[in-house]
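I have placed the structure first, in the form of structure tokens, so that the comments after it can refer back to it.
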Amino acid sequence: MELLDERWTLLVVRELVTGSQHFNALRRGLPRMSPSLLSKRLQQLTRAGVIERTEDGRYVLTTAGEELRPVVEALGGWGVRWIGELGDADLDPQLLLWDMHRNVDHTAVPQGQTVVRFHFPDAAARARDWWLLIKPDDVDVCDDDPGQPVTVTITADLRTMVRIWRGDVSWSAALGAEQVRIEGPLRRAVPSWFALSPFAAVPRPQPKG
């Protein structure tokens, strides 16, 4: 616990478990963590033998680090099952889009480049618009207009989009309730482009009474 219980450490491990390997990718997955503290935690985890840095600058989990995968997954499942509704301060479009970009189903997306614009009317002005640039073998998250033709635009309040991602409400239910609007020629196919959070299938406790 002296190693893992320090602030941000398990979140750094979580990012490594979910596939981030470069320093800048880790920063994007942990936007509220300072670069200096991230560097410090990476050094601590390296000294402890949890990760190692490759010659090309990537951070990868060692055998000891990989054994933390079920620990991180169990904590994630517990959080989804028991924490309940997220507070407004926990809703972050950058974190949402960063997680979603790792779960794009490339077999369902049209060939070539697909640009998905997300519009969150209830977010702060500087965080209302985001873009996913989906390519055959890569997905980029942009908080500035990339200047590419938009394939579809998804408009929803941030909480609704987080609830869809978490599996609390289905795409079809949110669309039927007009909580989400999808505009564009391929709008009917959009829900199939995104796999849900790995924790979306975690059973929730039934309300008492």
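The values are calculated or read from the model by the stated rules, or taken from the named source; none is laboratory data. Given the structure is predicted, the values throughout are model-derived calculations rather than measurements. A quick note on method: Cβ atoms are made from the backbone with ideal geometry, for glycine too, and the neighbour counts reach across all protein chains shown. What goes into the accessible areas is simple: the full protein's heavy atoms, side chains included, and nothing from ligands, DNA or RNA. Shrake-Rupley method; radii C 1.70, N 1.55, O 1.52, S 1.80 Å.
Details
- Residue selected from region 124-174 under the condition among the aliphatic types (A, V, I, L, M) and in a helix (DSSP H, G or I), by the criterion most open to solvent (accessible area, probe 1.4 Å): Ala125
- Look at (1) in contact (Cβ under 8 Å) with a residue 12 or more places away in the chain; (2) hydroxyl-bearing (Ser, Thr, Tyr); (3) open to solvent by 80 Å² or more (accessible area, probe 1.4 Å) and you find that Ser36 fails only one, number (1).
- Residue check for Gly29: in contact with a helix residue (DSSP H, G or I) (Cβ under 7 Å, 6 or more places away or on another chain), open to solvent by less than 70 Å² (accessible area, probe 1.4 Å) and farther than 26 Å from Ala200 by Cβ: no
- Selected residue [closer than 23 Å to Asn24 by Cα and touching a helix residue (DSSP H, G or I) at 6+ places or on another chain (Cβ under 7 Å)] from Val162, Val169, Val139: Val139
- Within region 190-199, the residues that satisfy the criterion of being at pLDDT below 95 and open to solvent by 20 Å² or more (accessible area, probe 1.4 Å) are Ala195, Leu196, Pro198, Phe199.
- The set of residues from region 61-95 being surrounded by fewer than 16 Cβ atoms within 10 Å (Cβ to Cβ) and touching a helix residue (DSSP H, G or I) at 6+ places or on another chain (Cβ under 6 Å) comprises just one member, Arg69.
- Qualifying positions in region 109-121 - touching a strand residue (DSSP E or B) at 6+ places or on another chain (Cβ under 9 Å) and open to solvent by 60 Å² or more (accessible area, probe 1.4 Å): Gln113, Arg117, Pro121
- Flag for Leu16 being open to solvent by less than 50 Å² (accessible area, probe 1.4 Å) and more than 17 Å from Leu75 (Cβ to Cβ): no
- Cβ-Cβ contacts under 6 Å between residues 6 or more apart (or on different chains), taken from a first residue in region 68-89 that is modelled with pLDDT of 90 or more to a second residue that is open to solvent by 80 Å² or more (accessible area, probe 1.4 Å) and part of a helix (DSSP H, G or I), are absent.
- The one condition from (1) in contact with a Ser or Thr (Cβ under 8 Å, 6 or more places away or on another chain); (2) crowded, with 17+ Cβ neighbours inside 10 Å; (3) more than 30 Å from Arg81 (Cβ to Cβ) that Glu183 does not meet is (2).
- Any chance Pro198 is over 17 Å from the mean Cα position of the chain (by Cα) and either of a type in the set (Lys, Arg) or part of a loop (DSSP other than H, G, I, E, B) (or both): no
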